[in-house]
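Take a look at the structure set out below.
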Amino acid sequence: MQLTSRADRTATVSPVNVRPRSDRTVLVTGGAGYIGSHTAVALLEQGFEVIIVDDLSNSSARAVEVVGHLTGRNVTFIEGDLTDSTVVASVFASHPIDAVIHFAGLKAVGESVEQPLRYYRTNLLSTMNLLEAMQSNGVFDLVFSSSATVYGDPDTVPIPESAPLRTTNPYGATKLMIEDICRDVAASDPRWNISLLRYFNPVGAHPSGQLGEDPNGIPNNLVPFVMQVAVGRRDEVAVFGDDYDTPDGTGVRDYIHVVDLALGHIAALDRRGGRCEAYNLGTGNGSSVLEIIAAASAASGVEIPYRLADRRPGDIATSLADPTRANTELGWRADRALDVMLTDAWRWQSGNPNGFASDTAS
Ligand code: NAD
Ligand code: UDP
């Protein structure tokens, strides 16, 4: 955004210390992953320099190549494990870093119940190493991938950031613990500027169809599963419960386009003035499982078979963001509609039926 007058400047969230984007280098941890790669594209398109660190445990180096290709920009990629403090220290020692967006971590709820120690170790240790390296290198701007899971089963929807925080699984516990660590760290030194972004349900893909979600194995999440049914990789969608207290009995979620989510990170990077603040990133609109299946059929032109199944343990009826705070304080709003989310998801899935593995032979 071009600032044109003094009045405009004073109306903007304090521009003090905000340097031109071309001078700012952002370390994107987990930048080969689904949300990180889309955010790297958005950062590069807006002029930031980007360094990605990822151990490729849940992603492909091909995603980083696509990021460079889509933007025509150079991306520095370091393959490394953030739980190793020497790796993190060497990244900071060898690159000038102004800010960090921290996506890296493990994210499957069911897996976290089966392997809690792996989840606590990976998510907590990575973040500790990163915060320590940031502090010792004088880097105090952090945007962290939190999740709506920190609200557990909410008392009311839409959910404001002030809602009680509670979790029901080790994955969610790591998010809540990291939020607590960030709050304590920020309280200890006013130079910290930490944004905790609580994502609702990210879906969709880059509009080019070249970058998208590429889950390992059977997808846990609804939209990737539905897309794999549409493309013929799986037979039918199991609808987990039709007896919830929702308009059609199936679970309602706040789906947000991954490109809108990516832009939320850039809005958070520009934020100044608070030490550690939490923001919901969602649309404020809910869609049921049956609505998603219908919208995916419309977007793909494919009839998507489904069957009603039991509820999935731990699921809640409705999760819906109150995104007012991000709207007013970050000047950010999600504006891509559900049909765009599913059309973009379908373009990615139909062009790359086996994800990033699809084009290795070509
Ligand atoms: P993703 O798995 O696609 O990306 C995470 C990346 O982190 C992967 O590329 C993986 O290889 C990397 N990684 C994992 N452990 C690492 C380590 N020790 N060192 C270096 N790299 C490591 O997941 P995503 O969907 O892009 O999610 C990004 C972040 O957003 C995660 O922290 C996740 O918990 C959070 N989040 C995701 C969702 C969602 O529905 N996708 C919702 C809420 C929050
Ligand atoms: N869901 C479903 N079948 C699936 C996967 C998910 O019916 O194969 C439902 C799930 O019960 C929830 C909604 O789809 O109501 C979104 O689930 P997802 O796992 O994508 O997100 P989360 O549960 O983390 O909000």
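A few notes on this one:
- Residue among Gly251, Gly217, Gly264, Gly172 that alone is of a type outside the set (A, V, I, L, M, F, W, C) and at positive phi: Gly217
- Number of the condition not met by Gly249 [criteria: (1) of a type outside the set (A, V, I, L, M); (2) over 27 Å from Thr127 (Cβ atoms); (3) more than 13 Å from ligand 2 (Cβ to nearest atom); (4) more than 20 Å from the chain's Cα centre (by Cα)]: (3)
- Screening Met177 on (1) away from ligand 2 (no atom under 16 Å from the Cβ); (2) within 18 Å of Gly36 (Cβ to Cβ) shows it passes everything except condition (2).
- Of all residues in region 247-272 being part of a loop (DSSP other than H, G, I, E, B) and open to solvent by 20 Å² or more (accessible area, probe 1.4 Å), the one that is nearest to ligand 1 (Cβ to nearest atom): Asp270
- Entry remark, region 174-233: residues being of a type in the set (Asp, Glu) and away from ligand 1 (no atom under 14 Å from the Cβ) number 3 in total.
- One residue stands out in region 277-317 among those that are part of a helix (DSSP H, G or I) and open to solvent by 80 Å² or more (accessible area, probe 1.4 Å): the one that is nearest to ligand 2 (Cβ to nearest atom), namely Glu291.
- Among the residues of region 100-110, at least one is touching a residue at least 24 places away in the same chain (Cβ under 8 Å), within 16 Å of ligand 2 (Cβ to nearest atom), closer than 25 Å to Pro224 by Cα and open to solvent by 70 Å² or more (accessible area, probe 1.4 Å).
- Among the residues of region 58-108, those identified as assigned to a helix (DSSP H, G or I), of a type outside the set (S, T, N, Q), closer than 25 Å to His206 by Cβ and more than 17 Å from the chain's Cα centre (by Cα) are Ala61, Arg62, Glu65, Val66, Gly68, His69, Leu70.
The values are calculated or read from the model by the stated rules, or taken from the named source; none is laboratory data. For clarity, every value in this text was computed on a predicted model and none was experimentally measured. Don't worry about glycine lacking a Cβ; one is built from the backbone with ideal geometry, like all the others, and counts go over all protein chains shown. The protein model used for the area step is the full one, side chains on, heavy atoms only, and it has no ligands, DNA or RNA in it. Shrake-Rupley method; radii C 1.70, N 1.55, O 1.52, S 1.80 Å.
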